[in-house]
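The next block holds one structure in the form of structure tokens; read it before the comments.
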Amino acid sequence: MFTFSESSEKQIEKIMKKYPVKRSAILPLLALAQRQDGYITPEAMVEIGKRIDCSPAYVQSVCSFYTMFYTKPVGKYVIQFCINISCHLLGCDDLLEYTANKLNIKVGETTADNKITLLKEECLAECSAAPVMRLNDTYHTNLTREKIDQILDSLD
Amino acid sequence: MKLFLTHNIDTKDLHSIKVYKKQGGYGSLEKAFAKKPDEIVQMVKDSGLRGRGGAGFPTGLKWSFLAKDVFPRYLACNADESEPGTCKDRVLLQKNPHLLIEGMILCAYACQIETAYIYLRGEFYDLAEIMDKALEEAYEAGYLGANILGSGMNLEMYTHLGAGAYICGEESALLNSLEGMRGEPRLKPPFPAVEGLYGKPTVVNNVETLCAVVPIMNEGPEAYAAVGTEKSKGTKLVSVSGHVKKPGNYEIPMGLPTRDLIYDLAGGIRDDNELKAWIPGGSSVPMLPASLVDTPYDYEAIAAAGSMLGSGALIVMDHTTNVVEEALRLAGFYMHESCGKCTPCREGTRWLHQILSDIHLKKGKESNIALLEDICDNMSFKCFCPLGDAAVAPVISSIQNFREDYEELLNLAKAGTAS
């Protein structure tokens, strides 16, 4: 069973007013469901389908197209590590490996305490401050091993 | 150097409407409302402004293609900045959101549009918050909503966040995504100007393009066209990344020698190394050798040198780089981002990645280069949308300009097999 929280409902009201066609709200609603539960459950897809007059299968087909939607649980913190060319030229592979080793997981996995998920990501559009990663909604730029230590140590 | 977009970008709190207005912000609207919409379109044509997202299509002309007398019309600002190497729009969104709003109001007035969306890539969540705050301020000040400044013009403007898909930067895929579909490109024609968002005439313009309309309105098309070259007018915001001492976003007059951009503005190559390769306009355009570094940075000169200005993302590689490794990295990107709709792109990007991967791992064969060329030939202009051509560019150009890097790895593979 999935229900949108009261604060989500308030946001939904605003979202639905943006578009002349309900279906346009699908990405914002999926994002909202994910913010609420950390990932998107099949039940959430059913509920979203009802809101926009689409079938759950349709919602799933759209959801699966976009890489920022998670359909399995992720950690409290999600690290998106850029591996594209500008970051690669400045050593992101080494830093990604360093981060994975430090967290004792492989890229794509979540730590055993469900705290941190480490993902590799394509260009994050902060190339002139490479290497770059995103930690939940925050960008961290000009990364070094020391910076990564500081960032990871600061997470509660 | 005359700047149009970033001359005041470091003003403290420029993102707030109060500071923006103190800098003369929103001053172009009354000037615009004193003219007829068609006159604004003509001014943008006269300025020579071309789309800053990658294609470089003349902006005024694009606006004039809107289907006549069909309403409602829509404006979609492309803020899905995803082209590897490109981070220029984020500067405008973050530091000067009202400039974009003002530019969008001008476009909406010129094109008789009453609903506008700013499509931001999903990762720009923080920038969407900045934009939303700016929109709120603009509504409160009466620059958005009904009867703007008593002109009779109505305009609603909203942000819309994507969710991680490079292809949504392609205008028709962006529109599909905005309509709540998978972000797959549409068959063109019809072009968005005729049948765009919800099947209605739609303008899709990049952030930088729309921002540039404000100085064109304020200073006049002649002032804008006075900067740059004969066919590439105005200034370009360029993201410089890679092996330079001072990577960053630099606004330059069109036609500045690329050498000046790399060695003066960006401080030269790291550790005073030698320049080996540069990509002028984001990962989707051919990479060029150091010998062409004196090429003026404008649409025509870069095209004559064998590449494209693209989104204005200059990626610099020094002599320690093996270009095959970077081509492989980009092949991985296009493989990941191919939407899967058409076969040459879906299959071709995978083949390119696999073969480049073999060569990089010193498991390549001499015949691999010809095979890469053959696959590229089967993709070029044969894919449904430009993503396929983009995927081909780094591969073909690296073979053409840096064949020795391939041969080095192939020779190592040969030696490894022999021993």
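The values are calculated or read from the model by the stated rules, or taken from the named source; none is laboratory data. Note that the structure is a prediction, hence the values are computed from the model and not measured. Ideal geometry is used to build each Cβ from the backbone, glycine not excepted, and the neighbour counts take in all protein chains shown. Note: areas computed on protein heavy atoms with side chains; ligands, DNA, RNA excluded. Shrake-Rupley method; radii C 1.70, N 1.55, O 1.52, S 1.80 Å.
Pairs are defined by a Cβ separation below 8 Å, a sequence spacing of at least 6 or placement on different chains, a first member in the range A:97-122 that is without any contact (Cβ under 8 Å) to a residue 12 or more places away in the chain, and a second member that is in a loop (DSSP other than H, G, I, E, B) and surrounded by 14 or more Cβ atoms within 10 Å (Cβ to Cβ); the pairs so defined are A:104/A:111. Whether a residue is within 11 Å of another protein chain (Cβ to nearest Cβ), charged (D, E, K, R) and under 30 Å from residue B:242 (Cα atoms) was assessed, and residue A:93 passes this test. Quick check on residue A:83: is it in contact with a strand residue (DSSP E or B) (Cβ under 9 Å, 6 or more places away or on another chain), crowded, with 17+ Cβ neighbours inside 10 Å and more than 9 Å from every other protein chain (Cβ to nearest Cβ)? Here the answer is no, as residue A:83 does not meet what is asked. For the range B:333-365, a tally of residues being under 20 Å from residue B:182 (Cβ atoms) and aromatic (Phe, Trp, Tyr) returns 2. Do we have residue A:104 as assigned by TED's automatic domain parsing to the domain that holds residue A:147, surrounded by fewer than 16 Cβ atoms within 10 Å (Cβ to Cβ) and either at positive phi or not aromatic (Phe, Trp, Tyr) (or both) here? In short, yes.
In the range B:290-326, which residue that is of a type in the set (Val, Ile, Thr) and part of a loop (DSSP other than H, G, I, E, B) is most open to solvent (accessible area, probe 1.4 Å)? Per the criteria, the residue is B:320.
Candidates B:275, B:356: the one that is touching a helix residue (DSSP H, G or I) at 6+ places or on another chain (Cβ under 7 Å), touching a residue at least 40 places away in the same chain (Cβ under 8 Å) and not charged (D, E, K, R) is B:275. Would a scan of the range A:42-62 turn up a residue that is touching a Lys or Arg at 6+ places or on another chain (Cβ under 7 Å), of a type outside the set (Val, Ile, Thr) and within 29 Å of residue B:335 (Cα to Cα)? Yes, the range A:42-62 has at least one match. Residues that are more than 23 Å from residue B:131 (Cβ to Cβ) and buried (at least 20 other Cβ atoms within 10 Å of the Cβ) occur at least once in the range B:31-42. Among the residues of the range B:263-279, the one identified as within 14 Å of chain A (Cβ to nearest Cβ), closer than 19 Å to residue B:2 by Cα and assigned to a helix (DSSP H, G or I) is B:265. One residue stands out among those in the range A:127-156 that are more than 19 Å from the chain's Cα centre (by Cα) and within 12 Å of another protein chain (Cβ to nearest Cβ): the one that is farthest from residue A:115 (Cα to Cα), which is A:128.
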